[in-house]
Amino acid sequence: MRARRTVGIRAGDPDGGGARPLAHASPLCSGRGAGWDRSGCRAVRAGARVRDPLLPPRAPGIGVTAIASGSGRLVTRAPALDPEEALQVIRRRTTLVPKVALVLGSGLGILAEGVAWEATLSTEEIPGLPRSTVAGHSSRLLFGRWSGRAVVVAQGRAHLYEGYTAEEVTRAVRLFATLGARSLVLTNAAGGIASRMTPGTLMLVEDHVNLQWRAPGRVAGRAAPGATGGARAKPGPGPTAPPNQRGLTSRPVYSRDLLAKAARAAVNAGVRAERGILGVTLGPSYETPAEIAMLERMGADAVCMSTAAEVAAANEIALPVACISCVTNWAAGKSPVRLKHEDVTAGVAAAAPALRSVIERLILSLA
């Protein structure tokens with residue numbers, strides 16, 4: 001068996017699908033339904049010893065199915081999010097009912113600086129919410145007033161490539177609706193593909209090409225473990241909608257109303273913003289030039305490693321959603337410079353003032 005760099009294997013899908021490897025790197029062999037070590041590819045079960053773990057110790061209950069604990073043992077993920085329990089934790093710190101929810105992507109947490117927040121909670125304080133382990137993601141929820149509007153801001157997000165499921169990375173979106181949010185604004189750092197998407201450009205996302213192949217809610221009429229299936233068990237102040245059993249839709253997944261308001265906000269701020277299609281890949285590796293060429297032929301103008309699952313979850317619960325991509329660099333093959341994560345965060349810092357101006361005006365336009 002050819003060795004493959006992976007930390008472990010998710011349990012097989014209840015519908016009979018095979019096991020899936022986790023995203024973190026460690027010298028285990030691949031297989032179905034279990035992890036495998038390098039010495040003869042022996043099966044590795046949860047709690048079993050594994051040879052030469054490369055990952056440092058990490059606490060169980062961060063949302064990952066199975067990771068190396070540092071002691072050579074595999075640990076299991078935390079229980080599903082209980083919206084009522086999460087709401088109680090938050091209400092002990094703030095009674096604010098946010099009307100707008102904002103997710104700040106890689107390096108974009110700096111946009112929230114300078115605002116007098118009423119309450120700040122780490123995602124670790126809220127049972128069931130995953131935390132990000134990626135540089136540039138603070139994993140905090142901020143509650144307060146921004147541009148005179150009651151908002152909740154997620155400083156950073158969890159990603160599929162960290163080992164989380166699509167249901168886990170979208171728990172915050174469902175929680176926002178439970179808290180009362182009526183609009184969701186997503187942001188991300190993206191690589192420019194189209195010639196007009198030069199570094200520093202803001203792209204207002206009209207649609208996306210999703211190559212992550214993950215669904216956050218119901219799949220083939222079956223609710224994902226821990227998912228609400230598009231409607232909360234106990235109705236809250238936010239929007240609700242009947243479950244969409246297969247996630248099929250004939251309408252735009254991004255709110256045309258929010259898109260128009262974002263475009264107007266950019267004009268009022270004197271900021272260049274282009275409309276475009278977002279390509280979404282799984283990561284964590286940056287795309288190859290061939291993959292970028294494929295995305296370009298498919299109509300993508302920029303590319304990122306997040307957002308699509310959150311948009312799908314928002315659509316399931318009828319929460320209007322918009323996305324602004326901050327083009328921080330040229331995608332692979334569009335520039336001779338080899339891309340590093342530090343380049344992305346540096347590009348975000350340079351574009352942050354313009355993006356903040358647009359977001360402030362967009363929030364102001366949302367009732």
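A short reminder: the numbers here are calculations on the coordinates, not readings from a lab. Note that the structure is predicted; figures quoted are calculated from it, not measured. Quick reminder, even Gly has a Cβ in these numbers, built from the backbone with ideal geometry, and neighbours come from all protein chains shown.
See the values below:
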{"read-out": "9 Å beta-carbon shell around residue 193, net charge (K/R +1, D/E -1)", "value": "-1"}
{"read-out": "Order of 213, 117 under a 10 Å beta carbon neighbour criterion, fewest first", "value": "213, 117"}
{"read-out": "Least to most buried among 202, 339, 108 (fewest other Cβ within 10 Å first)", "value": "339, 202, 108"}
{"read-out": "Inter-label distance, nm, simple model (7 Å from Cα along the C-beta direction), residue 349/residue 89", "value": "3.1"}
{"read-out": "Packing rank of 279-287, 172-180, where each peptide gets the mean count of other beta carbons within 10 Å, highest leading", "value": "172-180, 279-287"}
{"read-out": "Amide H within-cut-off set for residue 118, under 5 Å, with H built and near neighbours excluded", "value": "143, 144, 145"}
{"read-out": "Residue-count net charge about residue 309 - beta-carbon cut-off 9 Å; Lys, Arg +1, Asp, Glu -1", "value": "-1"}
{"read-out": "Cα centroid separation, the stretch 302-332 to the stretch 159-192 (Å)", "value": "9"}
{"read-out": "Extended-chain gain in nm, criterion 0.36 nm per residue less alpha-carbon gap, residue 364 and residue 257", "value": "37.1 nm"}
{"read-out": "Exposure proxy ranking, count of Cβ atoms within 10 Å, fewest first, for 338, 264", "value": "338, 264"}
